[in-house]
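Here is the structure we will look at, set down as structure tokens.
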């Protein structure tokens, strides 16, 4: 089971990304409560899967558990408390957790000796975690400085906030991945200096990650081919 730890993490990440749009399709009256319950449940599963994936040694297990437990508890508490200051603390803990998880996954990718299914799953997980990490940063910024992001006038039916805690999570994740891939539809735009700089940093991170990752994978593939000869 442990050898498929990255595949398990990838599955939980995809589950969370698919769950949020489905929640939005439910009756409007239950959007907020159901979205929070679904997001909390899937995010807890993602956090536990990430702990399982990156805890290769006792030291890393202690660190990831120390980073994972506080946001899980805060999520559960905030489902009923619904306090912005608690949500900011929760997001910051989650950001710290995902930064560490991404660092461990990246180290694994650069220490790998060959390209295999495990390596590919780790690479995709790292890329998806980058998008989720930035969506949490955008949510934190918009909580602390409301109006940091603007929706086009044509999108009047959409929420005017990016939040990683209720039915609006789908918009935070959508904006993050559109920026990470430099697709840039322009239906949600950063309207404050900090938001614009975060968007620039995410776009740069996405492009640099792909460039370095492709170079690494190609290098390993060539090395494997030479060894076979």
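R0 = 25 Å: FRET efficiency of residue 214 with residue 189, Cβ-based, nearest 0.05? Step by step, r from the Cβ atoms, then E = 0.30. Using the rule -39500 (n - 2.57) for each DSSP H run of four or more residues, divided by the residues of the chain, the 222 nm mean residue ellipticity is -26500 deg cm²/dmol. With respect to the chain, whose longest principal axis is taken over its alpha-carbon atoms, helix 5-24 is tilted by about 20°. With both labels modelled 7 Å from their Cα along Cα-to-Cβ, the residue 221 to residue 3 distance reads 2.3 nm. Protection proxy ranking for 38-51, 168-181, 201-214, using the average of other Cβ atoms within 10 Å per residue and placing the highest first: 168-181, 38-51, 201-214. Mind pulling the angle between the C-alpha long axis of helix 58-81 and the longest principal axis of the chain? Nearest 10 degrees, somewhere in 0 to 90. Helix 58-81 sits roughly 20 degrees off the main axis of the chain. For segment 2-228, the alpha carbon convex hull comes to 121 Å³ per residue, rounded to a whole number.
Can you tell me the 0 to 90 degree angle between the C-alpha axis of helix 84-111 and the longest principal axis of the chain, rounded to 10? Between helix and principal axis, roughly 20 degrees.
The residue 196 and residue 107 beta-carbon pair, evaluated with R₀ = 30 Å, returns a calculated FRET efficiency of approximately 0.45.
When only Cα pairs below 8 angstrom with a gap of at least 6 residues are kept, segment 2-228 shows a relative contact order of 20 percent.
Bear in mind these aren't lab numbers, they're just calculated from the coordinates by the rules spelled out. None of these values were measured; they are calculated from a predicted model. All Cβ positions, glycine included, derive from the backbone under ideal geometry; neighbour counts span all protein chains shown.
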